[in-house]
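One structure is given here, and the rest of the page talks about it.
The values are calculated or read from the model by the stated rules, or taken from the named source; none is laboratory data. Because the structure is predicted, anything quoted here is derived from the model rather than measured. All Cβ positions, glycine included, derive from the backbone under ideal geometry; neighbour counts span all protein chains shown. These accessible areas exclude ligands, DNA and RNA; they are computed on the full protein's heavy atoms, side chains included. Shrake-Rupley method; radii C 1.70, N 1.55, O 1.52, S 1.80 Å.
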Amino acid sequence: MDKKIINQVINIVGPENVLTDNEERICYSYDGTFKRGIPDIVVFPGNTQEVVSIIKLANSEKIPVFPRGAGTGLSGGSIPQANGIALVMTKMNKIKEINENDLLAVVEPGVITGHLHQEVEKLNLFYPPDPASLKTCTMGGNIAENAGGPRAFKYGVTRDYVLGLEVVTPTGKVMRTGGRTVKNVTGYDLTRLLTGSEGTLGVITEITVRLIPKPKYKKTALVIFDNLDDAAKTVTVVISEGVIPATLELMDRITIACVEKNTKLGLPLDAEAILLMEVDGSDAQTTEEINIIQNICKKNNCRRIEVASTFEEREKLWKARRAVSSAIVQLKPTKISEDATVPRSKIPEMIRRLREIATKYNLNLPVFGHAGDGNLHPNIIADKSDKEEMERVEKAVSEIFEAALELGGTLSGEHGVGIMKKPYLEWELGEVGLEYLKTIKKAVDPNNILNPGKIF
Amino acid sequence: MLEKQYREMLNKCSRCGGCQAHCPLYTETGREPYVARGKVELIENLQGGNLEWNDRLAEIFSTCLLCGSCSENCPNGVEVDKMVRAARKDLVAARGLPIIKKNVFQHLLKYNGRLKTIGKLLAFYQKSGLQKVLRGTGILKLFPMKLAEKERILPRISGKAFRDSFPAKTGLDNPKLKVAYFTGCVTNLVTPQVGASVLKVLSSNNVEVIIPVQYCCGVPALASGEMEVAKFLAAENIKYFKSLDVDYIVMDCATCFSTWLEYPELLKSEDASQLAKKVMDINIFLVEILDIKLEPRNLGIKVTYHDPCHLKRTPGGKSSPRELLKRLSPCYEYVELELADRCCGSAGSFNLTHYDLSQKVAMHKVDSIANSKAEIVASACPSCIMQLNHSLQNSGSKVEAKHVIELVAECIESDE
Ligand SMILES: Cc1cc2nc3c(=O)[nH]c(=O)nc-3n(C[C@H](O)[C@H](O)[C@H](O)COP(=O)(O)OP(=O)(O)OC[C@H]3O[C@@H](n4cnc5c(N)ncnc54)[C@H](O)[C@@H]3O)c2cc1C
Ligand code: SF4
Ligand code: SF4
């Protein structure tokens, strides 16, 4: 990058907030995928005004800007495409307000999601979105990806909690969307447009989220099934009986085998599925609900059911689920996390198709995920240094997407399109839908400055 | 070239970023090169030939506490602390230069060019006292902090080395067990009272103690990638300990202890493997082997405990020191420390080479010590204890850091 421009950037944010050494820039070339792209310069703005100045400079010099939170994304969203500026938002990490009367919190984009959880829970409040990366990912990244999590089935995803945003537009103006009320229909719903915009329509500089009272009790059940269809039927019946578990996680046989091999928890290797269900709410409600779940499981031929209510006992039941990530990478080092999602009723069919795809391309493909909302996480476990295998992976991924769409589902439940799913976007949106997206992008970002090369 | 086991680990890192939540240096700096994930990416680039070792990389790789917090919490089992050490070794091999030019250890080696062998050097180093050597060489100028701070953080060398003040054998009539005591450099040169406490506690429990000839365990060399020096020291220690007729080899220093456990991998010798089986931390020894009983007087002083990185991952390494402290009730009333197993920031010479960053890391510790309302913070590693005392003083705290064994010794009525 031109020395003159670097100096201008330094003038805006100060020399301590700019990285230009090759060795440092390489450390901003990745996210949770295996894609790479090295930025020309890494910049840590400290406030909205600095973001405005950077974006204005980028527009006048025609330099692309790639917003970045913690870099935990699973679709390559923050990875620089054509060099440019990596705009890392982690320094703006203040929780500005937690309001117990209005039940809301106002935060800067760099706040780590788990920190917000801790702070609001101290006041007996609750911010439900809980991506598994919550100890590291940022609120800005969550908004930009519209992140979900295990609790999404009962409580919804990030989008359902965003009340308002402060955004620096792609041309460097400050805009406020939404506000501090749950109801708001003034104008287009720009808050929702920006939520899930993957850093392409604006840099989020302040976020107002809705909070709810924290549920007091939790009860957990771990249920083993000999038959996948029985497990799927259990899920359907539980829900139609009016019980909405806060967690409803499914592990398939391959996942069970990996976990057992690694942890020796005594999981049965011949079982076809394990369901982990957790209900939360008042004492009476959770007791009633867990009883209903127990009965339904038994009626649907479960092999075994364990129920726990104290923290320690519940943690024991969670152990198997928590061990999944580390267990599956013991098979092979590279994990390609997909998050194709199907309507709930199609879960058994989707799992069968995934198995066929795995056999066809001779790949390891454990399935575990959020059964409540059909957001299965098929993970292909491969070795990225094996070229031939990675070619098979690519073909399998495209068949997974095809299957999900055929069953009335979507390419991505929560990880976003980024660069990973770009080639498939038209399959889902169609030509008209894609054109609509591009028109919006062109209108607000005429110089194609913000996160170019992403989504489409 | 990185060893095979670390190359395989390189592939396992999914760049999930989970280590950001656990790396004390990421908490302070908020910068990727200083977190495990960034280091893995750099190592991969080095391996792939996209990068070559240079000053900037040397600085980045010197900025790691080797605290292992990332490894302990990595969902994919990547041991980044070990990879960083392997990379430092690679750096030394590639450039023939130490990881950081300011490394104390290297400067001592250079300064004493006329001394032929490392053994002689260490004897000189030990006899002359660290402080005198450091002042004489002008090394102090290399460190980034003010002179007063330097003077305070450098260990005050005790008048007479511990091993020169005590006989090589305690000589009991009918001992129930015999142990060899590896004192470590800090106890020997800086805090001989810790060594005296070890002897007192063991003797009063009818355990015979032998203090053989010994050298530095080698950790400063190991941590900075000076493998030849580390191997030399390890081999010397093995030589002096292998012929002893003892049941255990005990140590009060968590760092020496973990280094001894690595001797088999370092030397690939049968002797080292055999001896490593006998090695035991003093806390674990007192609880699990001796199961000592104490009858402390009632003082009711609150004490808390800081986990040294080098002890916490050993079986019994977290529980034994706490168990000992609980047995000191009512003399000492034990309270748990928030984030007790977070690194104190000492990390060998890191607290000299990266003084400000190290102090920032330590301040979290100082805060949780203050919150615990304890009057004493006990630990089981002399380097941690020095660091804790220094940063407690920096913050104007009256709390004192002591070795667990000192507190135990206080609670044993002396027969003399
Ligand atoms: C182990 C692991 C588990 C995960 N589990 C889940 C899960 O359960 N559910 C889920 O939904 N996701 C999950 N993810 C994916 C990822 O954590 C989320 O997408 C998260 O929201 C990304 O946040 P981040 O701060 O890391 O953002 P980054 O990865 O840095 O960026 C993500 C996108 O957001 C944009 N962006 C970041 N900050 C801003 C800003 N201030 N303004 C505008 N755009 C911005 C970037 O340009 C990029 O497009 C997981 C990831 C990992 C590694
Ligand atoms: S070292 Fe472990 S925790 Fe850190 S990014 Fe790699 S896999 Fe994730
Ligand atoms: S060893 Fe400690 S300081 Fe080094 S990268 Fe790991 S967590 Fe960070």
Query - Karplus-derived 3J(HN,Hα), 6.51/-1.76/1.60, for each residue of the range A:327-340, Hz, glycine and proline x - result: 5, 6, 6, 6, 5, 8, x, 9, 10, 9, 8, 9, 9, 3
Query raised in the report: In the range A:108-179, which chymotrypsin sites (Phe, Trp or Tyr not before Pro) fall in coil by DSSP and have 11 or fewer other Cβ atoms within 10 Å?
Result: none
Query raised in the report: Counting each DSSP H run of 4 or more residues in the protein assembly as shown as -39500 (n - 2.57), what helix-only mean residue ellipticity at 222 nm follows after dividing by all residues, to the nearest 500 deg cm²/dmol?
Result: -13000 deg cm²/dmol
Query raised in the report: Considering every residue in A:418-424, what mean count of other chain Cβ atoms within 10 Å of its Cβ is obtained?
Result: 0
Query raised in the report: To the nearest 20 debye, what charge dipole does the range A:95-213 have about its Cα centre, counting +1 at the Cβ of each Lys and Arg and -1 at the Cβ of each Asp and Glu?
Result: 200 debye
**Report entry** Peptide-level mean, for B:6-19, of C-beta atoms on other protein chains within 10 Å
**Finding:** 5
Query - Out-of-range pairs (alpha-carbon distance over 30 Å; input A:Lys454/B:Lys12; A:Lys183/A:Lys214; A:Lys216/B:Lys302) - result: A:Lys216/B:Lys302
**Report entry** Area of A:Ser345 that stays accessible when all protein chains are in place (1.4 Å probe, Å², to 10)
**Finding:** 90 Å²
Requested in this report: Using a 10 Å cut-off on Cβ to Cβ distances, tally the other chain neighbours for every residue of B:213-226 and report the average as a whole number.
Outcome: 0
Query raised in the report: Which are the unpartnered cysteines of chain A, meaning those with no other cysteine Cβ under 4.7 Å from their Cβ?
Result: A:Cys27, A:Cys137, A:Cys258
Requested in this report: Sort out for me the Cα centre separation of the range A:367-433 from the range A:168-216, rounded to whole Å.
Outcome: 28 Å
Query - B:Asn206-B:Lys277 pseudo-label distance in nm [points 7 Å out on the Cα-to-Cβ vector] - result: 2.7 nm
Query - Global geometry of the range A:215-329, whether rounded, prolate or oblate, following the gyration tensor of its Cα atoms and the 1.5 cut on a/c - result: oblate
Query raised in the report: Which of the GluC sites (Glu not before Pro) found in the range A:43-113 are in a DSSP loop and have at most 16 neighbouring Cβ atoms, other than their own, within 10 Å?
Result: A:Glu100
Report task. Could you calculate the FRET efficiency of A:Lys384 with A:Gln118 from 1/(1 + (r/R0)^6), where r is the beta carbon distance between them and R0 is 56 Å, rounded to 0.05? Result -> 0.95
Query raised in the report: If one computes the Cα centroid of the range B:304-353 and of the range A:68-141, what distance in Å separates the two points?
Result: 32 Å
